[in-house]
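The values are calculated or read from the model by the stated rules, or taken from the named source; none is laboratory data. Here the structure is a predicted model, which means the values were calculated and not measured. Positions of Cβ are generated from backbone atoms using ideal geometry, with glycine treated the same way; all protein chains shown enter the neighbour counts. Remember, those area values only see protein heavy atoms, side chains included, never the ligands or the DNA or RNA. Shrake-Rupley method; radii C 1.70, N 1.55, O 1.52, S 1.80 Å.
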Amino acid sequence: MKLHQVCLAVACIASFHGAYAKETVPAFNPEQQAQIGKIAADYLVAHPDILLQASQKLQEQEEEKQANAFAEIVLTNKDALLADKNTPTAGPADAKIAMIEFFDYQCIFCSRMAPIVENVMKANTNVRYIFKEWPIFGSQWQPSIIAAQTGLLVWKESGSADYLSYHSAIYKTGHNEGKLTDQDIADVLKKIGIPAPSTEKLSQTNAIIDNINSLAHKLGLTGTPAFIIMPTSGGNKSNITVFSGAVDEKALISAINKASVQ
């Protein structure tokens, strides 16, 4: 039996009975303590299911604690998540539920999530979808930043429909993990009928990207993709979901349904 499992069981038992034990259990001498320890160890070896239950309970408690912490941070930064007019959005402006995605076009997992997100959008037209351009690979692959800057300009100058076309087309190049190029971006713009912006215009989006980066760090996000599904009003710990990493369609839809419960 692994030592860390025994520790988990002991910790779980202590979390439920610690206060009672402090008041009622008498002190034992070293010999008695050794005997008790042997009895406990033998019992746990004979009943390993207890360790499994204890481990699962502690994991559930830790996940709940982390989810609550995320929800508190999300609520603290609600306006930056939901009301930033520089952030591309799609869906009803008065939607009661929002799904926010932090992503990088060079991120392979973001690329794999793109068709899943599209399916969710088609099936849930009552949700507002918010796209946080977060080019975390920009220091390694410059087109990561160019793609994000371009997306923000497309949103600002051409609106939601053209932005979604651009967003989808970049992922459909199939180029990520350093393979996306400036030429790919230029080809996508040409395909959707939008002139390529100048370097000066692209640089005008730097402050927006900096703000998104700052927000991501405030939220405790460590990478892309990251999803936050929440009510646009009346959010609380029980109806906000944060996914740090790729998830399946079922998980996103379940979070949307959870967000509808006030």
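Just to confirm my filter: which helices (runs of 4 or more DSSP H) fall fully inside region 77-176 and include at least 3 residues that are of a type in the set (D, E, K, R) and open to solvent by less than 10 Å² (accessible area, probe 1.4 Å)? Spell out the reasoning first.
Working: elements: 78-82, 108-123, 142-158, 160-172.
Correct list: empty, since no element meets the threshold.
For region 177-191, give me the residue count where each residue is over 19 Å from ILE136 (Cβ atoms) and surrounded by fewer than 17 Cβ atoms within 10 Å (Cβ to Cβ). Give the derivation first.
Taking region 177-191 and keeping what is over 19 Å from ILE136 (Cβ atoms), we get 183, 186-191.
Now drop any that are not surrounded by fewer than 17 Cβ atoms within 10 Å (Cβ to Cβ), which leaves 183, 186-187, 190-191.
Of the residues in region 177-191, 5 are over 19 Å from ILE136 (Cβ atoms) and surrounded by fewer than 17 Cβ atoms within 10 Å (Cβ to Cβ).
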Which one of these does LEU44 not meet: (1) open to solvent by less than 90 Å² (accessible area, probe 1.4 Å); (2) at pLDDT 80 or above? (2)
Residues that are more than 19 Å from LYS78 (Cβ to Cβ) and among the basic types (Lys, Arg), drawn from region 223-262: LYS250
Looking only at residues that are part of a loop (DSSP other than H, G, I, E, B) and open to solvent by less than 40 Å² (accessible area, probe 1.4 Å) in region 228-261, which one is modelled with the lowest pLDDT? GLY235
Count of residues meeting criterion [open to solvent by 50 Å² or more (accessible area, probe 1.4 Å) and over 23 Å from ILE108 (Cα atoms)] in region 196-222: 11
Check PRO225 against each of (1) touching a Cys at 6+ places or on another chain (Cβ under 9 Å); (2) open to solvent by 30 Å² or more (accessible area, probe 1.4 Å); (3) under 19 Å from ALA147 (Cα atoms) and name the one condition it does not meet. (2)
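Can THR205 be described as of a type in the set (Ser, Thr, Tyr), closer than 26 Å to PRO115 by Cα and touching a residue at least 12 places away in the same chain (Cβ under 8 Å)?
Details: of a type in the set (Ser, Thr, Tyr): yes; closer than 26 Å to PRO115 by Cα: no; touching a residue at least 12 places away in the same chain (Cβ under 8 Å): yes.
No; evaluated as a whole, the condition is false for this residue.
Quick check on PHE70: is it modelled with pLDDT under 95, under 15 Å from the mean Cα position of the chain (by Cα) and in a helix (DSSP H, G or I)? Break it down into steps so the answer makes sense when it comes.
On the way: modelled with pLDDT under 95: yes; under 15 Å from the mean Cα position of the chain (by Cα): yes; in a helix (DSSP H, G or I): yes.
For PHE70, the condition - modelled with pLDDT under 95, under 15 Å from the mean Cα position of the chain (by Cα) and in a helix (DSSP H, G or I) - is met.
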